[in-house]
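Accompanying notes for the structure given below.
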Amino acid sequence: MTWFESPAQTADLLTKAGYLADAATATTAFLAGALEKPLLLEGPAGVGKTELAKAVARATGAELVRLQCYEGLDEARALYEWNYKKQLLRIQSQAGTGEAADWSQTHDDIFTEEFLLTRPLLTAIRRDEPTVLLIDEVDKTDIEVEGLLLEVLSDFQVTIPELGTVAATRRPYVVLTSNASRELSEAVKRRCLYLHLDYPDAEREREILQAQVPDLDDRIAEQLVATVGRLRDLELKKAPSIAESVDWARTLIALEIRDLDEKAINDTLGAVLKHASDQARAVKELRLVSTGSTTK
Ligand SMILES: Nc1ncnc2c1ncn2[C@@H]1O[C@H](COP(=O)(O)OP(=O)(O)O)[C@@H](O)[C@H]1O
Ligand SMILES: [Mg+2]
């Protein structure tokens, strides 16, 4: 399948799907489809890594299959496992009929499709319809899981000892995301196209706000984006992401705030900064006048 026709068309389709991509992002997303190579997206939290995979699915009418990674994720959760309970029931029900138990027959019976629980990686490989496979937050898994991913990402096939090899009839569009909390193995990187996503520039962030919070007027959008930019320059525990800009915009509208002055920032800082120490830092660095909750 051709996923996209050109970088420009990719940008266009993504925009229609609600994702505003810069030139580098659109080009890389196009190439991932054209070369059928997995796309590794790295960058801080909240810059649109997960959203890009979702947007590719929306833009191309493909279904999204998501493998959320976490510490302790194993093959049984990522690939497939056997439905032991059901297998046990089958064995017990056969024993109940009084027939002589022929182990090899039973074995052949219970290691079949009917008893297989497919997990995201296998699901994505076996689908006949266009599929976007999102392997989200890879850096949260243990390094061993990367070996498993490599098998899937290099051959697009999975070997199940009892059933044989399942090869993809149709390669999924694969997106891996990472917050770079640890380095991924060179072997994984080698198989992927790489894109570093960062906070958008002021203009793009205003466009994202416009698209997601249409009621926000231009002047306050500009103030908001400028302020968020200043906050990102401070060394905070958790810099405000795009999601927080959007939340902040909605907060300002809910409170009918039309000018983002120091007091307004101070009163609504909880929408953007989620650590007390970050808030204190912002108040100090942006020289906000502390209004205190009792003096309003
Ligand atoms: N380029 C973009 N266009 C439109 N919305 C975006 C864009 N980038 C980020 N967002 C918004 O930011 C939110 C957070 O992005 P997300 O993909 O969850 O971040 P992460 O990089 O942590 O996976 C999304 O829900 C989306 O609303
Ligand atoms: Mg994410």
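The values are calculated or read from the model by the stated rules, or taken from the named source; none is laboratory data. Everything numeric here is computed off the predicted structure, so don't read it as measured data. Quick reminder, even Gly has a Cβ in these numbers, built from the backbone with ideal geometry, and neighbours come from all protein chains shown.
With respect to the conditions (1) in a helix (DSSP H, G or I); (2) modelled with pLDDT of 95 or more, residue 188 lacks only one, and its number is (2). Among the conditions (1) under 22 Å from residue 56 (Cα atoms); (2) surrounded by 15 or more Cβ atoms within 10 Å (Cβ to Cβ), the only one that residue 145 does not satisfy is (1).
Within segment 263-287, restricting attention to residues that are touching a helix residue (DSSP H, G or I) at 6+ places or on another chain (Cβ under 7 Å) and under 15 Å from residue 238 (Cβ atoms), the residue that is surrounded by the fewest Cβ atoms within 10 Å (Cβ to Cβ) is 279.
The residue pairs whose first member lies in segment 166-182 and is without any contact (Cβ under 8 Å) to a residue 60 or more places away in the chain and over 16 Å from residue 123 (Cβ atoms), whose second member is within 11 Å of ligand 1 (Cβ to nearest atom) and among the polar types (S, T, N, Q), and whose beta carbons are closer than 8 Å, counting only pairs six or more residues apart or on different chains, do not exist in this structure. Residue 237 satisfies every condition listed in (1) under 23 Å from residue 49 (Cβ atoms); (2) buried (at least 17 other Cβ atoms within 10 Å of the Cβ); (3) not small (Gly, Ala, Ser) except (2). Restricting attention to segment 28-51, the residues that are farther than 15 Å from residue 173 by Cα and either of a type outside the set (Val, Ile, Thr) or more than 6 Å from ligand 1 (Cβ to nearest atom) (or both) total 6. Of all residues in segment 134-149, those that are at positive phi have Cβ atoms under 9 Å from Cβ atoms of residues that are in a helix (DSSP H, G or I) and surrounded by fewer than 20 Cβ atoms within 10 Å (Cβ to Cβ), 6 or more apart or on another chain, in 137/50.
With respect to the stated conditions, residue 71 fails to be among the charged types (D, E, K, R) and over 18 Å from the mean Cα position of the chain (by Cα).
The set of residues from segment 202-230 being in a loop (DSSP other than H, G, I, E, B), in contact (Cβ under 8 Å) with a residue 40 or more places away in the chain and within 14 Å of ligand 1 (Cβ to nearest atom) comprises just one member, 213. Filtering segment 76-92 to residues that are surrounded by 14 or more Cβ atoms within 10 Å (Cβ to Cβ) and under 31 Å from the mean Cα position of the chain (by Cα) leaves 77, 78, 79, 80, 81, 82, 83. Restricting segment 163-196 to residues that are crowded, with 20+ Cβ neighbours inside 10 Å and within 11 Å of ligand 1 (Cβ to nearest atom), which is nearest to the chain's Cα centre (by Cα)? The selected residue is 177.
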